[in-house]
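Written below as structure tokens is the structure these notes are about.
The values are calculated or read from the model by the stated rules, or taken from the named source; none is laboratory data. The shown structure was predicted, so the numbers you read here are calculated from the model rather than taken from an experiment. All Cβ positions, glycine included, derive from the backbone under ideal geometry; neighbour counts span all protein chains shown. Accessible surface is based on the protein model in full, side chains and every heavy atom, while ligands, DNA and RNA are left aside. Shrake-Rupley method; radii C 1.70, N 1.55, O 1.52, S 1.80 Å.
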Number of protein chains: 2
Amino acid sequence: CHQTGQPNRNNRSFTIDYGMNTFVKDGVPFRYISGSIHYFRVHPNHWEDRLKKIRSAGLNAIQVYVEWNSHEPEPGKFQFEGNQDLERFLELAHKWGLLVILRPGPFIDAERDFGGLPFWLLQKNKQVKLRTADPSFMKPVRSWFKVLFQKLKRLLHQNGGPIIMVQVENEYGSYGQQTGKCDTEYISQLRDITREHLGQEVLLFATDGGGSIDSIRCSKVPGVYSTVDFGPTEDFKDRFHHQRLFEPHGPLVNSEFYTGWLDHWGHPHSQTPSKKVNSVLDAMLKFGANVNLYMIHGGTSFGFGAGSNFPPFQVTPTSYDYDAPISEAGDLTPKYEDLKRVVAKYEAIPDAIQVKNSSKRAYGSIYLKPLGTIFDHVKNLTTFSMGISTNPLTFEELGQAFGFVLYEHRLDHVTTNPVQLEIKGLHDRGYVYVNQELQGILSRSESIFTMPLIIAKGQKLQILVENQGRICFGKNLNDFKGITSAVKLGNNILTNWHMRSIPVSHVSHFDTTPPSLKTKFKSMSFWKGHIKISCPRSSPEDTFLSFQHWSKGLVFVNGFNLGRYWPRLGPQETLYLPGPLLKCGINDVLVLEQEKTPCRFHKGSWLNCNIKSTDSPQINGQTPSV
Amino acid sequence: CHQTGQPNRNNRSFTIDYGMNTFVKDGVPFRYISGSIHYFRVHPNHWEDRLKKIRSAGLNAIQVYVEWNSHEPEPGKFQFEGNQDLERFLELAHKWGLLVILRPGPFIDAERDFGGLPFWLLQKNKQVKLRTADPSFMKPVRSWFKVLFQKLKRLLHQNGGPIIMVQVENEYGSYGQQTGKCDTEYISQLRDITREHLGQEVLLFATDGGGSIDSIRCSKVPGVYSTVDFGPTEDFKDRFHHQRLFEPHGPLVNSEFYTGWLDHWGHPHSQTPSKKVNSVLDAMLKFGANVNLYMIHGGTSFGFGAGSNFPPFQVTPTSYDYDAPISEAGDLTPKYEDLKRVVAKYEAIPDAIQVKNSSKRAYGSIYLKPLGTIFDHVKNLTTFSMGISTNPLTFEELGQAFGFVLYEHRLDHVTTNPVQLEIKGLHDRGYVYVNQELQGILSRSESIFTMPLIIAKGQKLQILVENQGRICFGKNLNDFKGITSAVKLGNNILTNWHMRSIPVSHVSHFDTTPPSLKTKFKSMSFWKGHIKISCPRSSPEDTFLSFQHWSKGLVFVNGFNLGRYWPRLGPQETLYLPGPLLKCGINDVLVLEQEKTPCRFHKGSWLNCNIKSTDSPQINGQTPSV
């Protein structure tokens, strides 16, 4: 059953030779050694640097997720500028000799909020059946894919660009398995939409966990080549055997060979020894397989980009270093050097490409001054205010993607003392206040949904709920945020809620009048400082912000949301601050500390009130004892 | 089967005529109309007043519990002075023509701590089988009864005193039923001990719920006359029929005819209409029954005297007004007047006895000044300090009857954020501090045994546990106080505890240096003020202390522990302060507020920082909506 694809008019083609069990590029057998990199996790000024480093290791391709939610934050409003300039990213790959294996989703997981899906899918139709042929899901997908594929068509290999293959969905099989329905109609529709926009000759593939035959079967449709993914601790021959059950001929492909693993807040930093990774890679390459390294470079989940896993509910940190060969800050690790040595046995290393680690700089202590609590600024921070609703509304019902919602209820009856507060559907972290005084924190990740309260009739119960990142994997994908259940106080269900959307997306317009010194900084509070940079010769260098002695919060540098810090929980203790976010001169640093600061007001000034800029990261810090 | 007891040498006798179905006093048929009064709930200076009022209603007897734990607070150390001068109380009854139906227990319930048992029974032997023939229980009972009965023997009717009957145990049947064993050996031993000390001729009786034939049967032993108890909503003929199943001949006796009912903190004040009570009383008296009114005068559970019920765990308030004919403050209520009219139909009313309500006085606002938090004074307050124990020890293990125990543990590991604190065996109310900062309150009565905590390695977890009163009814009588289970923090069981006994029994020796103004009065705190009384003609009059706007605590007047206040929960909002506790001139008032005060420090002075002395009680205040 020898078969080749149809070469296109320019003699550029990318097909499979089933007789030879290989990919064929422009008529010549081809094997890829690829690496995953997420453009949305790398500052765009660093894209080229990172791509050069990937190529410099001898890899001939990259594998790229496309994140729908960042490109279409509101229905029909598309963003392809700056961080979202996917075409530029792919062109840079092309420039440096890297082919592209495109993974457009629509679902991508990738430890991203909602697995890359836009939150507004849940707003439009609460009952939407995600990742199925449900028209509520497929209509927005069609609209998005039309826009995306029209942009990318020119970047297909056969059209002169770098894209050699396009993935249909992403590890769909495990989802189908978990939800109990393998919706091949859905996968077929995605296949057809892709072909409709990109042409019949585009090579489509699927990826599923190599450990589960059922998963591979579940996502299998005609015309889409099945590949598997698995890590270095698994038996690669067994996994490829599983691929062979569905693709008796054609290239062996591990679409995600794990160079490291993801982290969760509160759990030790994941590390995979280089020796293990590279010896298995060597064996697979020797075996003739195509391999994509997940990740070759992980990067950073800036802002609110990080997703969560469930069950149990586990939140991923800001660093997506992944223990990958190229570190979060773009540095070449020993794992990279080992990798390069292995790849060199199979591919020519392009020695002409010069790469080096960026220099890092410790800008020292950044002294912070108080701007007041979240309650001092609540009016300015509120982007949408909802009068009285019988039941609390979710973020999605309020049309809010990220950040916080403040739920307020004025108590109209006398309670016991204490009285149990219960919010079974708290998503995800609830700061519980009575008349602006913090009473305690409820936490989905710790399964703490109840607490004792002392509250009097007429007092205001205020629950400030943080969205910690929507679930990105598994059947519980429909992850509404905020208060998603009844709020019980003793035996009473509380009704009549006032809600404020506090997305904390624009934080530049702060009243800079210092707050009263009496302000209680046990509440969530804002702090401001600056980094002064003199640039005699070069532009500002990368650095790391250390939040030692701070608890949990967000930091904005020159208005850019760098992401979440949470050294209190670990393992990540510093945040990577890419140089391109800095400028020569004064750089604004705004900290939203959600919990307790180390600051102490003493004789007219603030003590211990600083964070530090350091020249090395700490993402392997202490985590709780189990 | 006509039978009479053996008249004693003075021709004074009290027996039963089974043929005539009546008691016989000194050879003459006799029917009692009695009322329950607890000497330990009335200031001794008021005993005579209350007894006169009882007699003045036409009642010819009182029924009196003896509270073991107040007479033998430590093993072998007996108290019969002042409040505990039972002989004086009985002599006063005798003086005013009231016979005495003695109920020596050893268990009495009576909504008293541990049902009147001494806490140290649980210290001597954790496994003690209370209210059984277990020698661990019976040996202390024998020792106590020997002392008690030797004192009271002279007060038996046949010896010239007022005591006509002695109860064996107290509603034992329901306990035997609940625990699954009717220990007639135990009841028989009590019977025999009583006879041994008081003589063979003493008339013994038992009391059990008239609604439960099984209970009456359960406590039945030969030589002890079975009586029943029931309230005005029950069918008295049916209940007496139950008595007749076990006593086919002899007097009909309702040993506890409920004139009102007990209260629990957080539940509406119990009220029983006078008409209902007195019409059923009239019918029973017409029917020929002997009746004891429970209560004729309830009084006050001063200090830590109040007990608790279970399940659910419900705490009784300081007032034991009971909606009785004579109010907590000794006033004659409309129910009293109605009662007197009913009794007058059957007994001569001794018109010669002059009784009147005491005058009450509002001494006005009592301004309070801070003495500091419990942590400021913890060293002075600690009567016993226990170094490091692997597991937390109970009050009983620490040899402590009442008050508080402070449990401290220094955290030696990193926890999640937040982390769940769980103390399943918290008895009863736990104030949870981290480094002296209050985090929340755990509560047995609200079944709140968990709460989220934010705590760092090296910080001190401090749990200040209040004993709210030991269980006084039912099979769960072995009610150890303090922390009676493992303390879990996340998945870890915390070991290595330091404990401080803080019984708050002696509070006179306070350092009067004002605390730092920075003292945080969210912690339990002490406040001091005074009542200045000028006494031109008379000694100080009764008053009521109103704790409006205060939360929950204790108040000491001239060093006397007046009892618990808890207006935040209700229904009791004022504490009865008997005039005899006051003196002319300056009277010290010391408040231990366990939770939140209304006090506010503003420009150098304290605002809103007062309680009030009023001339009328409020024990029927607002309670939580269910």
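Of note:
- Qualifying residue in segment B:116-129 (condition: crowded, with 16+ Cβ neighbours inside 10 Å, of a type outside the set (A, V, I, L, M), assigned to a helix (DSSP H, G or I) and in contact with a helix residue (DSSP H, G or I) (Cβ under 9 Å, 6 or more places away or on another chain)): yes
- In the condition set (1) modelled with pLDDT of 95 or more; (2) open to solvent by 60 Å² or more (accessible area, probe 1.4 Å); (3) more than 20 Å from B:THR207 (Cβ to Cβ); (4) not hydrophobic (A, V, I, L, M, F, W, C), B:ARG50 is compliant with all but (2).
- Subset of segment A:318-332 [at negative phi and in contact with a strand residue (DSSP E or B) (Cβ under 7 Å, 6 or more places away or on another chain)]: A:THR318, A:SER319, A:TYR320, A:ALA324, A:PRO325, A:ILE326, A:GLU328, A:ALA329, A:LEU332
- The condition of being touching a residue at least 12 places away in the same chain (Cβ under 8 Å), farther than 30 Å from B:VAL414 by Cα, among the hydroxyl-bearing types (Ser, Thr, Tyr) and buried (at least 22 other Cβ atoms within 10 Å of the Cβ) holds for only one of A:SER301, A:SER308, A:SER255, that being A:SER255.
- In segment B:270-286, the condition of being of a type in the set (A, V, I, L, M), open to solvent by 10 Å² or more (accessible area, probe 1.4 Å) and in a helix (DSSP H, G or I) is met by at least one residue.
Every residue, every condition in (1) touching a Phe, Trp or Tyr at 6+ places or on another chain (Cβ under 6 Å); (2) outside any loop (DSSP other than H, G, I, E, B), yes or no:
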{"residue": "B:CYS535", "(1), (2)": "no, no"}
{"residue": "B:PRO540", "(1), (2)": "no, no"}
{"residue": "B:SER551", "(1), (2)": "no, no"}
{"residue": "B:PHE556", "(1), (2)": "no, yes"}
{"residue": "B:ARG564", "(1), (2)": "no, yes"}
{"residue": "B:LEU569", "(1), (2)": "yes, no"}
{"residue": "B:LEU575", "(1), (2)": "yes, yes"}
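- So B:ALA456, is it open to solvent by 30 Å² or more (accessible area, probe 1.4 Å), assigned to a loop (DSSP other than H, G, I, E, B) and within 16 Å of B:THR416 (Cβ to Cβ): yes
- Residue check for A:GLY250: at positive phi, within 14 Å of chain B (Cβ to nearest Cβ) and in contact (Cβ under 8 Å) with a residue 40 or more places away in the chain: no
- Here A:PHE404 meets the list (1) within 14 Å of another protein chain (Cβ to nearest Cβ); (2) under 30 Å from A:PRO311 (Cα atoms) almost entirely, failing just condition (1).
- Number of residues in segment B:21-46 that are touching a residue at least 12 places away in the same chain (Cβ under 8 Å), closer than 25 Å to B:GLY199 by Cα and surrounded by fewer than 18 Cβ atoms within 10 Å (Cβ to Cβ): the value is 4.
- Counting the residues of segment B:577-602 that are open to solvent by 20 Å² or more (accessible area, probe 1.4 Å), away from chain A (no Cβ under 14 Å) and part of a strand (DSSP E or B) gives 3.
- Every pair of residues 6+ apart whose Cβ atoms lie under 6 Å, when the first sits in segment B:371-394 and is closer than 16 Å to B:ILE483 by Cα while the second is surrounded by fewer than 15 Cβ atoms within 10 Å (Cβ to Cβ): B:ILE388/B:ASN496; B:THR390/B:THR495
- Residue match in segment A:509-531 (condition: part of a strand (DSSP E or B), of a type in the set (A, V, I, L, M, F, W, C) and modelled with pLDDT of 95 or more): yes
- B:GLU408 vs. criteria under 26 Å from the mean Cα position of the chain (by Cα) and either not in a strand (DSSP E or B) or not β-branched (Val, Ile, Thr) (or both): no
- Among the residues of this structure, A:ILE193 counts as one that is outside any loop (DSSP other than H, G, I, E, B), surrounded by fewer than 22 Cβ atoms within 10 Å (Cβ to Cβ) and free of Cβ contacts under 8 Å to residues at least 60 places away in the same chain.
- Unique match (being modelled with pLDDT of 95 or more and either more than 23 Å from A:VAL168 (Cβ to Cβ) or open to solvent by 30 Å² or more (accessible area, probe 1.4 Å) (or both)) among A:GLU67, A:GLU81, A:GLU72: A:GLU81
- Exactly one residue among B:ALA324, B:ALA352, B:ALA329, B:ALA348 is free of Cβ contacts under 8 Å to residues at least 12 places away in the same chain and in a loop (DSSP other than H, G, I, E, B), and that residue is B:ALA352.
- Verdict on B:GLN468 being within 27 Å of B:TRP527 (Cβ to Cβ), assigned to a loop (DSSP other than H, G, I, E, B) and modelled with pLDDT of 95 or more: yes
- Selection of segment A:204-225 for residues being buried (at least 20 other Cβ atoms within 10 Å of the Cβ), small (Gly, Ala, Ser) and under 21 Å from A:LEU156 (Cβ atoms) yields only A:ALA206.
- Output for segment B:603-626, where each listed residue is assigned to a loop (DSSP other than H, G, I, E, B) and closer than 24 Å to B:ASP331 by Cβ: B:ASP615, B:SER616, B:PRO617, B:GLN618, B:ILE619, B:ASN620, B:GLY621, B:GLN622, B:THR623
- Residue match in segment A:520-536 (condition: within 23 Å of the chain's Cα centre (by Cα), open to solvent by less than 10 Å² (accessible area, probe 1.4 Å) and farther than 21 Å from A:GLN468 by Cα): no
- Identity of the residue in segment A:603-626, open to solvent by 80 Å² or more (accessible area, probe 1.4 Å), more than 12 Å from chain B (Cβ to nearest Cβ) and not acidic (Asp, Glu), that ends up farthest from A:GLN271 (Cα to Cα): A:LYS603
- Of the residues in segment A:442-456, not one is more than 9 Å from chain B (Cβ to nearest Cβ), without any contact (Cβ under 8 Å) to a residue 60 or more places away in the chain and charged (D, E, K, R).
- Among the residues examined, B:MET386 qualifies as at pLDDT below 95 and either within 14 Å of another protein chain (Cβ to nearest Cβ) or assigned to a strand (DSSP E or B) (or both).
- Selection count where residues are within 26 Å of A:THR597 (Cβ to Cβ) and either part of a strand (DSSP E or B) or modelled with pLDDT of 95 or more (or both), scope segment B:436-453: 8
- Evaluation of A:GLU337 against the conditions (1) free of Cβ contacts under 8 Å to residues at least 24 places away in the same chain; (2) within 30 Å of A:GLU72 (Cβ to Cβ) shows that the sole unmet condition is (2).
- A Cβ distance below 7 Å, combined with a sequence gap of six or more or placement on separate chains, defines the contacts here; from segment B:147-176, residues that are without any contact (Cβ under 8 Å) to a residue 12 or more places away in the chain reach residues that are outside any helix (DSSP H, G or I) in the pairs B:ARG154/B:GLY161.
- Single condition A:GLY97 does not satisfy, out of (1) in a helix (DSSP H, G or I); (2) closer than 30 Å to A:LYS356 by Cα; (3) open to solvent by 20 Å² or more (accessible area, probe 1.4 Å); (4) of a type outside the set (A, V, I, L, M, F, W, C): (1)
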